[in-house]
Amino acid sequence: MSSVIYLDNNATTQVAPEVFEAMVPWLREGYGNPSSVYRLGRQASAALDGARARVAALAGCQEGEIIFTSSGTESINTAILSALALDPDKRHIVTSAVEHSATVKLCEHLAQRGYEITWLPVDSDGLLDPAELENAITEETAVVSLLWANNETGVLFPVEEISAITRRKKTVLHLDAVQAFGKVAIDVERLGVEFVSFSGHKIYAPKGVGALYASRRIRYTPLLRGSQEEGRRGGTQNVASIVAFGKAAEIARASLGDATVKELRDRLENHLLATIPGILRNGHADQRLPNTSNLSFEGIESEAALILLDERGVCCSAGSACTSGSVHPSHVLKAMGLSNEMARASLRFSVGRLTTAAEIDAACAAIPAVVSRLREMSPAGSPVLTA
Ligand code: PLP
């Protein structure tokens, strides 16, 4: 067992050993520019083709509809801005109150530029009401941009219903599938969506590589101008990382049916729910990613818990972020109706393919000890909420 119990796979994943092996030759002898016509360049270009085919296979689309980018964030920005460029007179965007900061920050910026943003609410399970989406779309709506899976709670939005609505309303749909990719089956073509964003570092490839599915059915406007990626994304491709992304996608596709990650997540979650009083599970019990568990522990501050858990080798995330000395509760948990206290008392555990049963058992011992210690220190005393 490693000294680190890494339960933060929604933040990032370690590069899988096979993925690392696959990328190394492209950092050593395979250093050609994929746009060069001599053999070294053609080999790099062929490596990109292979990776594109593998990413497309996991996404369920044609290879020619995958554009490699630098990140999920770049893909999201490109998709939304490309959709807006289709008709400059349409100045309304529909999104949700629980999106990733990449979408939130872009929409806030666009709001300052005069766009109207509808932030769809979610219920206490983190789910949105498709009828509210339908009502929100107007003649002015340029794009609907929604998560496939929430990074904090793992909650899965009903993408089939969502895409049925946007198709009926003839509105462009972008789905942020950064967390869903490789964790649940994705069939982009069958969904009939216009844009889908992906990222490499959530599926055991390195950071700094992403992909955008852009349907050939609509006009596409690049964010970065240049000749690469058929003029759809300028900038010499990061060949080694793209090869790694392709390898990671291939492995993820082969392990899609494997129930181990869910079993480990459930083992941890069930143990914590059974042994610690005053816990609230955040997010729908079933309609969520198999690897994610977001729990609020009444009477604790999650930022303090992170430090104590780190001392015991456990890495996870908090439902709050400390910026400029003050602790802000997660906007996702707030949108689900949690009080500031319960949002600040939340921890996200995200299991990965490389997590072992021994690590889960060690976490099952460490987490209750940390929660008890924090509750002893807390002026609020013992919890009143029943588990
Ligand atoms: N969207 C979601 C749901 C995410 O979880 C993340 C990363 O945390 C992103 C987008 C951004 O991806 P990247 O880190 O590749 O920019």
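The values are calculated or read from the model by the stated rules, or taken from the named source; none is laboratory data. Here the structure is a predicted model, which means the values were calculated and not measured. Ideal geometry is used to build each Cβ from the backbone, glycine not excepted, and the neighbour counts take in all protein chains shown. These area figures cover heavy atoms from the full protein model, side chains too; ligands, DNA and RNA do not enter into them. Shrake-Rupley method; radii C 1.70, N 1.55, O 1.52, S 1.80 Å.
Among the residues of the range 93-113, those that are outside any helix (DSSP H, G or I) and surrounded by 18 or more Cβ atoms within 10 Å (Cβ to Cβ) comprise Ile93, Val94, Thr95, Ser96, Val98, Glu99, His100. Could we say that Val159 is open to solvent by 10 Å² or more (accessible area, probe 1.4 Å), aliphatic (A, V, I, L, M) and within 15 Å of Val94 (Cα to Cα) here? The answer is yes for Val159. Of the residues contained in the range 82-99, one or more are found to be of a type in the set (Asp, Glu), within 24 Å of Val184 (Cβ to Cβ) and within 16 Å of the chain's Cα centre (by Cα). Checking each residue in the range 178-196 for being closer than 10 Å to Tyr213 by Cα and in a loop (DSSP other than H, G, I, E, B) picks out Val193, Glu194.
From the list Gly50, Gly41, Gly64, the one residue that fits, being at pLDDT 95 or above, part of a helix (DSSP H, G or I), within 17 Å of Asp187 (Cα to Cα) and among the small types (Gly, Ala, Ser), is Gly64. For the range 166-177, residues that are part of a loop (DSSP other than H, G, I, E, B) and either more than 16 Å from the ligand (Cβ to nearest atom) or surrounded by fewer than 24 Cβ atoms within 10 Å (Cβ to Cβ) (or both) total 3.
Only strands (runs of 3 or more DSSP E) whose full extent lies in the range 249-352 are considered here, and the ones with at least 3 residues that are modelled with pLDDT of 95 or more are 279-281, 292-297, 346-350. Of the listed requirements (1) over 19 Å from Leu127 (Cβ atoms); (2) open to solvent by 10 Å² or more (accessible area, probe 1.4 Å), Ser302 misses just one: (2).
If you check every pair at least six apart or on different chains, which have Cβ atoms under 6 Å apart with a residue in the range 111-129 that is not assigned by TED's automatic domain parsing to the domain that holds Leu289 first and a residue that is open to solvent by 70 Å² or more (accessible area, probe 1.4 Å) and modelled with pLDDT of 95 or more second? Qualifying pairs under 6 Å: Tyr115/Arg91; Leu120/Glu132. Filtering the range 81-114 to residues that are in contact with a His (Cβ under 8 Å, 6 or more places away or on another chain) and within 12 Å of the ligand (Cβ to nearest atom) leaves Val98, Val104. Confirm whether Lys202 is basic (Lys, Arg), surrounded by 18 or more Cβ atoms within 10 Å (Cβ to Cβ) and in a loop (DSSP other than H, G, I, E, B). Considered against the rule, which asks whether it is basic (Lys, Arg), surrounded by 18 or more Cβ atoms within 10 Å (Cβ to Cβ) and in a loop (DSSP other than H, G, I, E, B), Lys202 comes out as yes. Criterion first (open to solvent by 40 Å² or more (accessible area, probe 1.4 Å), modelled with pLDDT of 95 or more and either part of a loop (DSSP other than H, G, I, E, B) or not assigned by TED's automatic domain parsing to the domain that holds Ala46 (or both)) does Leu223 satisfy it? The answer is yes for Leu223.
For the residues Gly283, Gly313, Gly352, Gly319, the requirement of being over 29 Å from Leu128 (Cα atoms), in contact with a Ser or Thr (Cβ under 9 Å, 6 or more places away or on another chain) and either of a type in the set (A, V, I, L, M) or not assigned by TED's automatic domain parsing to the domain that holds Lys202 (or both) singles out Gly313. Tallying residues that are away from the ligand (no atom under 16 Å from the Cβ), closer than 17 Å to Asn77 by Cβ and under 21 Å from the mean Cα position of the chain (by Cα) within the range 189-228 yields 2.
Of all residues in the range 127-165, those that are out of contact with any Lys or Arg (no Cβ under 9 Å at 6 or more places or on another chain), part of a loop (DSSP other than H, G, I, E, B) and within 12 Å of the ligand (Cβ to nearest atom) total 2.
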